[in-house]
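A.B. asks: This structure is in structure tokens; I'll ask about it shortly.
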Amino acid sequence: MSLTDQQIEQRRKGIGSSDAPAVLGVDPYRGPGDVYLEKRLELAPISTEAIRSGDRLEPILIKYAEEVLGKKIVASVRVASDDGVNAANLDGMVEYDPINEVLTEIVEAKTTGLVDGWGDPKELNTVPDKVLIQTHHQFYVTGAVVAWVPVILARFGLKFEMHRVERDDELAAMVGRRCVDFWRNHVETGVEPGEAPKLDALTRVKRVPGKVVAIDGDLLVAYRAANEIAKGAKKMADQAKAELLASIGDGDGGRSDAGCFTYLEYQRKGYAVKPSSYRQMKEVKGELT
């Protein structure tokens, strides 16, 4: 779901259900270092076509869940746990009896082109590990016992599926505890976790103009060495490509016992690039003040 600036700031004050898989190391796109960075520093918001498509399709998935379950679903609810760290922004929850005020069923909508980890929807808990941890974080926060996961999968064309995840008390407790430990031991203390953030997250940090920070010189030495290795590898790759192209003369393809390749011409449509800004890292001589 799309978040307001207030919701984004609120998310920085605790561990959310989308953070939990990264904290536990089962998110293929983010790790503990990314979560640490996002909680400690202000990052520019990220918006991709995949995220925007998921936002557009979420109301459709909620409607689909209502049709499948035959129940009313209340959308977009935030719930905080008693531990002061964990919180969940639910895509939806099955409307419950206001007299008893017992929340038992929640909804987590998904849209993905990655089918790995999605099993037979007729069976229980047939979701990727990332979704399993995310829903169990929601169980920990809300006390719910069932999560319905309506998903649009690119499985032989677009396909709607409804998966059911049932609560495992030990797993829910472990997820909540690990997130609290991560917050106390790293976010609050400023001690970085072992895994460094990914470059994508680091490029979104809002920098302070003119702020120069003392660093470990070994990091700069390591960067220089890695950069030289990369340059050498690119030079070798360019030379190998040149020799390969030279071997086919004026042909547009080659074949051998090791395999084949083509060198075809493709048309690219013209387009206008909007003005934008970017950051580039360069070494400089002398001292920075």
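A.B. asks: Name the residues in the stretch 68-88 that are over 20 Å from PRO150 (Cβ atoms) and either buried (at least 18 other Cβ atoms within 10 Å of the Cβ) or among the small types (Gly, Ala, Ser) (or both), would you?
C.D. replies: Answer for the stretch 68-88, where residues must be over 20 Å from PRO150 (Cβ atoms) and either buried (at least 18 other Cβ atoms within 10 Å of the Cβ) or among the small types (Gly, Ala, Ser) (or both): ALA80, SER81, GLY84, VAL85, ASN86, ALA87.
A.B. asks: What pairs come up if the first residue lies in the stretch 102-130 and is within 19 Å of LEU24 (Cβ to Cβ) and assigned by TED's automatic domain parsing to the domain that holds THR142, the second is in a strand (DSSP E or B) and among the charged types (D, E, K, R), and their beta carbons are under 8 Å apart, counting only those six or more places apart or on different chains?
C.D. replies: Listed by first residue and then by second, the contacts come to GLU108/ASP91; ASN125/ARG164; ASN125/GLU166.
A.B. asks: Within the stretch 195-253, how many residues turn out to be loosely packed, with under 10 Cβ neighbours inside 10 Å, more than 25 Å from TYR263 (Cα to Cα) and either touching a Leu at 6+ places or on another chain (Cβ under 8 Å) or among the acidic types (Asp, Glu) (or both)?
C.D. replies: Matching residues across the stretch 195-253 total 4.
A.B. asks: Give me a count of the residues in the stretch 100-137 that are closer than 18 Å to ALA65 by Cα and of a type outside the set (Gly, Ala, Ser).
C.D. replies: Number of matching residues: 20.
A.B. asks: Mind listing whichever residues of the stretch 131-154 are under 21 Å from the mean Cα position of the chain (by Cα), surrounded by fewer than 22 Cβ atoms within 10 Å (Cβ to Cβ) and not in a strand (DSSP E or B)?
C.D. replies: LEU132
A.B. asks: Also, I was wondering about something else. Of the residues THR111, THR142, which single one is in contact with a strand residue (DSSP E or B) (Cβ under 6 Å, 6 or more places away or on another chain), hydroxyl-bearing (Ser, Thr, Tyr) and closer than 20 Å to ARG12 by Cα? Outline the logic, then answer.
C.D. replies: On the way: THR111 fails: closer than 20 Å to ARG12 by Cα.
It is THR142.
A.B. asks: Inside the stretch 158-258, counting only helices (runs of 4 or more DSSP H) that do not spill past its ends, which hold 3 or more residues that are closer than 30 Å to GLY113 by Cα and aliphatic (A, V, I, L, M)? It would help to see each step written out before you state the result.
C.D. replies: Values: elements: 169-182, 199-202, 217-246.
Once the helices (runs of 4 or more DSSP H) in the stretch 158-258 are filtered for at least 3 residues that are closer than 30 Å to GLY113 by Cα and aliphatic (A, V, I, L, M), what remains is 169-182, 199-202.
A.B. asks: Could you check, for the stretch 260-283, whether at least one of its residues is at pLDDT 90 or above, farther than 30 Å from ALA44 by Cα and loosely packed, with under 10 Cβ neighbours inside 10 Å?
C.D. replies: There is at least one residue in the stretch 260-283 that is at pLDDT 90 or above, farther than 30 Å from ALA44 by Cα and loosely packed, with under 10 Cβ neighbours inside 10 Å.
A.B. asks: Now, a different point. Is at least one residue of the stretch 56-67 among the aliphatic types (A, V, I, L, M), assigned to a helix (DSSP H, G or I), surrounded by 14 or more Cβ atoms within 10 Å (Cβ to Cβ) and in contact with a helix residue (DSSP H, G or I) (Cβ under 8 Å, 6 or more places away or on another chain)?
C.D. replies: No, because not a single residue in the stretch 56-67 is among the aliphatic types (A, V, I, L, M), assigned to a helix (DSSP H, G or I), surrounded by 14 or more Cβ atoms within 10 Å (Cβ to Cβ) and in contact with a helix residue (DSSP H, G or I) (Cβ under 8 Å, 6 or more places away or on another chain).
A.B. asks: I need the full set of residues from the stretch 169-183 which are touching a residue at least 12 places away in the same chain (Cβ under 8 Å) and either exposed (fewer than 15 other Cβ atoms within 10 Å of the Cβ) or of a type in the set (Val, Ile, Thr) (or both), in order please.
C.D. replies: Narrowing the stretch 169-183 to residues touching a residue at least 12 places away in the same chain (Cβ under 8 Å): 171-173, 175-176, 178-180, 182-183.
Residues satisfying the conditions are ALA173, VAL175, VAL180.
A.B. asks: When both residues are 6+ apart or on different chains and their Cβ atoms are under 9 Å apart, which pairs have a first residue that lies in the stretch 188-203 and is over 10 Å from VAL35 (Cα atoms), and a second that is of a type in the set (D, E, K, R) and exposed (fewer than 14 other Cβ atoms within 10 Å of the Cβ)?
C.D. replies: What qualifies is THR203/ARG279.
The values are calculated or read from the model by the stated rules, or taken from the named source; none is laboratory data. Because the structure is a prediction, the values reported are computed rather than measured. A quick note on method: Cβ atoms are made from the backbone with ideal geometry, for glycine too, and the neighbour counts reach across all protein chains shown.
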